1. Is at least one residue of segment 135-146 surrounded by fewer than 17 Cβ atoms within 10 Å (Cβ to Cβ), within 16 Å of the chain's Cα centre (by Cα) and part of a helix (DSSP H, G or I)?
2. Scanning for something touching a Gly at 6+ places or on another chain (Cβ under 7 Å), modelled with pLDDT under 95 and of a type in the set (Phe, Trp, Tyr), does segment 157-166 turn up at least one residue?
3. Among the residues that make up segment 107-125, is at least one of them in a loop (DSSP other than H, G, I, E, B) and among the basic types (Lys, Arg)?
4. Would you kindly identify the strands (runs of 3 or more DSSP E) lying entirely within segment 1-106 that contain at least 2 residues that are modelled with pLDDT of 70 or more and within 18 Å of Thr150 (Cα to Cα)?
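The values are calculated or read from the model by the stated rules, or taken from the named source; none is laboratory data. Every value quoted in this text rests on a predicted model; they were computed, and no experiment measured them. Neighbour counts are summed over all protein chains in view; Cβ atoms, including those assigned to glycine, are modelled from backbone coordinates with ideal geometry.
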Amino acid sequence: METLTTINPTENLLSSIQNYRGLLWEKIEQFIKTFQGVEGVAKHNTEQMQAEFPLKHTFENGFYTREIFMPKGSLVVSFIHTQDHPSFFMSGEMSLVMDTGEVKRIKAPLTVHTKVGTQRVAYMHEDCTWVCVYKTDKTTVEEAEKEIYTDNFRELPTEFLENHKKELLCQG
């Protein structure tokens with residue numbers, strides 16, 4: 001990992017994930033392991049996570065809508081998405097690591113078409129709100145999360161992995 005002594009340490013940190021053009025799941029997996037033991041890191045499905053990154057959930061007519069607030073200065077790593085779906089960057093400004101290794105700065109409002117296999121690493125320059133809409137017949141957050149996310153790219157369908165080895169999957 002590069003040192004963090006450059007003029008913009010946040011973008012340098014995000015850029016350190018890059019290694020090659022193509023799939024970055026293994027690099028992101030290592031990145032996550034690096035931060036799992038850091039004190040103060042909010043973990044999924046904890047009171048700390050809900051307090052710092054409040055989630056709103058809605059189930060209606062076969063759709064699950066998930067809205068997350070991410071505060072300025074936070075670094076967020078998403079789960080790997082297991083289905084294509086629309087998402088909406090409603091407010092704020094963030095930097096995203098793209099599948100090419102490029103760090104791209106985006107500003108809301110923005111519609112984002114998330115593809116199967118997408119995993120995002122993002123730094124919030126401002127308070128941000130992101131909304132995702134998923135098609136599902138599940139009626140609880142726990143059931144829906146099991147259907148729409150994975151934390152291990154090896155659990156994606158084999159045919160997907162074989163057919164998409166060279167596609168760009170982390171899209172902003």
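1. yes
2. yes
3. yes
4. By residue number, 63-70, 75-77, 85-91.
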